[in-house]
Ligand code: ATP
Ligand code: MG
């Protein structure tokens, strides 16, 4: 312990040290970007373990899976232990629900609905409506569940109905339909035995709120709780934490400058009220260890334009003055052609590996042309996005099959047939199959029964027979990688034909084959197949861990939260794009500014901001973003790098 204390003293500031070693009561650490908040949590877990706490009784909640994994590894380096409860909110809730869910009628083997499943379910409910409307409806449901958990949990329809109405009006949906769509969505979800992402939190809250014995058990189990990015917790998460903490055994860290999930129901007030509510001690960290002076100054000046923010002073540890570079382009093609050269320059002359470089953008569509250009010029890239790896067709088909076999997922059966992996199931065939999906309870029963059903064509029956045989073969394996291998062997010719059919050219075909191998090696690190499927479901919109090669990372600013790179390129700093044209109120503009703050504070040394005057899909010329103008001139160089 003495050695560890010495280590801490040498590697932390006075304030950081205080935050790490304070255990007498609730603690709030508040500080700007890059000031070591996440590091404080990591070191504190190690400190608590050294002090004698059992590693499996420490709960640390992070915002992304990537952050959780990095934290686990670092704690292991420091202590030799890997605490199992360093998790995202959702993944912690899954684990709790698997164990205690049955108390409130949830089967321990419940399935998690991914975004695609949600989209499919809402499609079923809102037949004939436009995608835009269906998207808004899903947003409405999330909003309802996260902002009004009490009514939803009590099924208090006197309140739910008017809330649906109000939200529908805000989202420009038909007020009357919304409530019924919500009810039907819930019904279908139940039929397929899914919990969606919001349910994971909501059901955990139900458990703690209405089952005092379970609450006590879990509360007594966790000896210490730490929460990162507390400014972005929503009401449900805040209440869950409230139930889990005992007196004083909690540290939360956050930065109100970086609250960027308002649109998903995050409530910044929770963070601001924490101190009062729990009489918490507060530690403020003032030194930014991540970025050079110019970047720290640029970001501080920028955020001062938010009137609804309590301002704090931040200073840079690294006093180097590397100017922030701003580059103008005629249009997005010119932008896309220039950036690969800049990236090569960073690699050749500024000591950056490709993995030290990130390209960040407000919305994914801004990046497509650049993505294409980077790949064309042979620069390795990882596009982090909505589960991009698991959405690749060749991987998706395997996952759907595994879900069918091991989770008895009937929706997966429909999706599998829809992909046309096995020929012969058009729209009509699926429509006919649906009846069986509704009446029979297992995937295998459905396939067996329909295999000889009169209403199916010969081709369809052959497909169903092949499917049945495939399922029966793969079922025998319980290790992930073996099951995948068995799937590939069960359909050898079909699978190669499928790969050819979905590939544009030879190169893409090779790439797809590589992905399948990569998926196999990913599966090897997850022996248990249900564990694998659970992790994949939870990875949605999080940073995937596969493909950790030396490559430039491309992602939205939301996905970049908490991360850092030596060089960051912020793409598309234009009015109507960043801030998005949807930000119409002053409050929303402030959230956009916080998002811009997050974007530029990811950079350690080099920061490049680009803007173009013309982009596809825009009739008018674009103006440079107000946020760029808010960066002080003395920090900036036009056309540097
Ligand atoms: P964000 O708000 O972006 O999440 P943060 O406050 O969580 O940032 P960290 O990611 O913990 O900040 O730290 C930022 C960087 O500064 C990391 O590279 C970290 O290792 C480094 N750092 C933090 N504190 C110190 C310190 N006392 N000495 C040296 N490096 C430090
Ligand atoms: Mg952090």
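What follows draws every value from the coordinates through simple rules; no lab data is involved. Source: prediction; values computed, not measured. We place every Cβ from the backbone using ideal geometry, glycine too, and count neighbours over all the protein chains shown.
Each distinct pair of alpha carbons in region 19-110 adds a 1/r term; the inverse of their mean, the Kirkwood radius, is 14.5 Å.
Considering all C-alpha pairs of region 561-604, those separated by over 17 Å amount to 35%.
Over all orientations, region 63-178 has a Cα convex hull whose mean projected area works out to 9.6 square nanometres. Counting only alpha carbon atoms, the long axis of helix 235-244 and the longest principal axis of the chain meet at about 80°.
Ordering 331-342, 43-54, 119-130 by mean Cβ neighbour count within 10 Å, with the highest value first, yields 43-54, 331-342, 119-130.
Inter-label distance, residue 614 to residue 496: 4.8 nm, where each label sits 7 Å from its Cα along the C-beta direction.
What the Cβ-Cβ distance of residue 169 and residue 576 gives, at R0 = 30 Å and to the nearest 0.05, is a FRET efficiency of 0.75. Using the Cα gyration tensor of region 443-540, with a ≥ b ≥ c the square roots of its eigenvalues, what is the shape: rounded (a/c below 1.5), prolate (a/b larger than b/c) or oblate (neither)? Judged from the Cα gyration tensor, region 443-540 comes out oblate (a/c at least 1.5, b/c at or above a/b).
Exposure proxy ranking for 482, 353, based on other Cβ atoms within 10 angstrom of each Cβ and starting from the fewest, stands as 353, 482. Multiplying the residue separation of residue 504 and residue 183 by 0.36 nm and subtracting their alpha-carbon distance yields 111.4 nm. A simple spin-label model places pseudo-atoms 7 Å from Cα toward Cβ; at residue 455 and residue 363 they are separated by 4.1 nm. Seen against the Cα atoms of the chain and their longest principal axis, helix 175-191 is set at about 70 degrees. On the basis of the beta-carbon distance and an R0 of 35 Å, residue 633 and residue 56 show a calculated FRET efficiency of 0.05. Each of residue 127 and residue 217 was given a label point 7 Å from its Cα along the Cα-to-Cβ line. The distance between the two points is 4.4 nm. Remark: the Cα gyration tensor places region 436-500 in the oblate category, a/c being 1.5 or greater and a/b not exceeding b/c.
Just check region 173-330 against the gyration tensor rule for me: Cα atoms, a ≥ b ≥ c as the square roots of the eigenvalues, rounded for a/c under 1.5, and otherwise prolate or oblate depending on whether a/b exceeds b/c. Judged from the Cα gyration tensor, region 173-330 comes out oblate (a/c at least 1.5, b/c at or above a/b). Relative to the longest principal Cα axis of the chain, at what angle does helix 268-278 sit, 0 to 90 degrees, rounded to 10? Tilt relative to the chain: about 70 degrees. Distance distribution note for the chain: the fraction of Cα pairs above 40 angstrom is 33%. Counting neighbouring Cβ atoms within 10 Å and putting the fewest first, the residues 289, 222, 271 line up as 289, 222, 271. Residue ranges 18-27, 492-501, 525-534 sort as 18-27, 525-534, 492-501 when ordered by packing (mean number of other C-beta atoms within 10 Å per residue, highest first). Taking the fewest neighbouring Cβ atoms within 10 Å as the starting point, the ordered list for 404, 462 is 462, 404. For the chain, the relative contact order works out to 19 percent when only alpha carbon pairs closer than 8 Å and six or more residues apart are counted. When DSSP beta bridges are restricted to pairs lying wholly in the chain, around 5% turn out antiparallel. In a fully extended conformation the segment linking residue 393 and residue 530 would gain 47.2 nm over its present Cα-Cα distance, using 0.36 nm per residue. Diagonalising the gyration tensor over the Cα atoms of region 75-143 and scaling each eigenvalue by 5 before taking the square root yields semi-axes of 35, 17, 9 Å, largest first.
The slack between residue 276 and residue 135, meaning 0.36 nm per residue of separation minus the straight C-alpha distance, is 47.0 nm.
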